[in-house]
Amino acid sequence: MTSHGFDRRTLLRLFGGVASAAVPRLSAAPRQRIVIAGGGIVGANLAYRLAKRGAAVTLLERTRPASGATANSFAWINSTYSKQPFAYFHLNRLGIEAWQHLDRELPGELPLRWGGSVEWYGDETRAARFREEIRHHQAWGYPAHLMDEAALRALEPRIEPGAIAAVAHAEIEGSVDPVRVTEVLIERAHREGARVIYPGEVTGLDERNGRLRAVRTSAGDVESDVLVVACGTDTPRVAAMAGVRVPLKDSPGILVHTPPQPRLLERVVLSPIAHMKQKPDGRIVTGAGFGGSPTTETSRESAERFLKTASQVLPAFARTGVEKVTLGWRPLPQDEFPIIGFPATRRDVYITVMHSGVTLSPLVAHLAAIEILDGVDAEPLAPYRPARFNT
Ligand SMILES: Cc1cc2nc3c(=O)[nH]c(=O)nc-3n(C[C@H](O)[C@H](O)[C@H](O)COP(=O)(O)OP(=O)(O)OC[C@H]3O[C@@H](n4cnc5c(N)ncnc54)[C@H](O)[C@@H]3O)c2cc1C
């Protein structure tokens, strides 16, 4: 058992079939029947929020919850300097607030760590650009500031930063254990009345007179008013069943995970050599960068080599050892911005695919609930419609 009251195996047993519970009717309007395809962090947030808002939700996951990109994510909640232009920065900033809201809504249940991130550069050319990035984000109201080495060491006493030309603290960021959070939200969605089915794969649509009647699944047909597609890198295939084009590109990412450690890191640490964070369970997760990895090599030897290099920054890596190496594929849209909303041609299929899906998932769930249940277009999502790819 964990501090959350059930372990992973218990959860799998609990949701290993079709589960359902009654939800009190809050209004006279008929409850919308919503099928969510995909049980990653995006689908889990959607299931929780839509069920809590009173919809009749069925969540279908092809294998088991949090088995896609979510399982292999660094899971840093942020709106830092690469989040450009302002509309996208603002969306991610709202994403941080949505996590804070969710943390207050489910006190003590979510494996979250706040405290922000620290980032620094030793190379003067990169540091000059970094100072500009900080000023730019400060002008947008982001709580980040430059500091000195002593302040960095006070925030992260167990790191050895090496040469520092510029260092900053971004204060409101955090990180989650993405797998646990997905499990908790699916369990919560179930308590709010959602049916959770896995394994259960969406295989097609049953349409009558051009409208969705039911979603075809490996567990049988499920009558539905709206299908929400939250299938990560498989979104293009499922969206195509509804005639919707969702272009993604490949973006592999490798992370090294250590066994549980005593407290070594206080927040997300972004050094010139490696980024790293410590999960609430004590495991440290580290990787080389946030772009697509140039290699997909996941051998233990390469992971040990990487930890040796990263031990220049966190000397404790010399003795932590490697628990596992993960290779994940980011659900990265072709233009690198989220694809969220109804396509231009229909209001019975709703697409949700994005990189930064950890940062954005609670917010996207709120906004999707407004769009699907209330019929109101949410302004922060306006730049991210599927229609920009002519669908
Ligand atoms: C290395 C790496 C680092 C990352 N770092 C960060 C970060 O620091 N911060 C951040 O915000 N984001 C980060 N991301 C991105 C983030 O992890 C993803 O955007 C997010 O996990 C996507 O969640 P999802 O639920 O959309 O997709 P997934 O987790 O992939 O879930 C989709 C699910 O759909 C299921 N599925 C597929 N087809 C079907 C079907 N036909 N029927 C039913 N189910 C189906 C799959 O089995 C899968 O479980 C990172 C990703 C990677 C790989």
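Residues in segment 141-183 that are assigned to a loop (DSSP other than H, G, I, E, B) and either more than 14 Å from the ligand (Cβ to nearest atom) or polar (S, T, N, Q) (or both): 16 in all. Quick check, is E192 open to solvent by 10 Å² or more (accessible area, probe 1.4 Å), away from the ligand (no atom under 11 Å from the Cβ) and in contact (Cβ under 8 Å) with a residue 60 or more places away in the chain? So E192 passes the test. Scanning segment 210-249 for residues that are open to solvent by less than 10 Å² (accessible area, probe 1.4 Å), among the hydroxyl-bearing types (S, T, Y) and within 9 Å of the ligand (Cβ to nearest atom) returns a single hit, T235.
In segment 62-80, the residue that is farthest from I186 (Cα to Cα) out of those that are open to solvent by less than 20 Å² (accessible area, probe 1.4 Å) and not in a helix (DSSP H, G or I) is T80.
Every listed requirement among (1) over 22 Å from R263 (Cβ atoms); (2) surrounded by fewer than 19 Cβ atoms within 10 Å (Cβ to Cβ) is met by R158 save one, (1).
Pairs meeting the criteria (first residue in segment 340-369 and within 7 Å of the ligand (Cβ to nearest atom), second residue at pLDDT below 95, beta carbons under 9 Å, at least 6 apart or on different chains) are H355/S251.
Looking across segment 294-339, the residues that are acidic (D, E), farther than 24 Å from L46 by Cα and in contact (Cβ under 8 Å) with a residue 12 or more places away in the chain come down to E297, E304, E323.
Write out, first by first residue and then by second, each pair whose Cβ atoms fall under 7 Å of each other, whose residues are 6+ apart or on separate chains, and whose first residue, in segment 378-391, is under 15 Å from P85 (Cα atoms) and in contact (Cβ under 8 Å) with a residue 40 or more places away in the chain while the second is surrounded by fewer than 17 Cβ atoms within 10 Å (Cβ to Cβ) and not aromatic (F, W, Y). Correct list of pairs: P380/H90; P383/A87. Note on segment 274-305: residues that are outside any loop (DSSP other than H, G, I, E, B) and open to solvent by 50 Å² or more (accessible area, probe 1.4 Å) amount to 4.
The values are calculated or read from the model by the stated rules, or taken from the named source; none is laboratory data. Bear in mind the structure is a predicted one, so any value in this text is a computation, not a measurement. Don't worry about glycine lacking a Cβ; one is built from the backbone with ideal geometry, like all the others, and counts go over all protein chains shown. Just the protein is used for accessible areas: all its heavy atoms, side chains included, with ligands, DNA and RNA removed. Shrake-Rupley method; radii C 1.70, N 1.55, O 1.52, S 1.80 Å.
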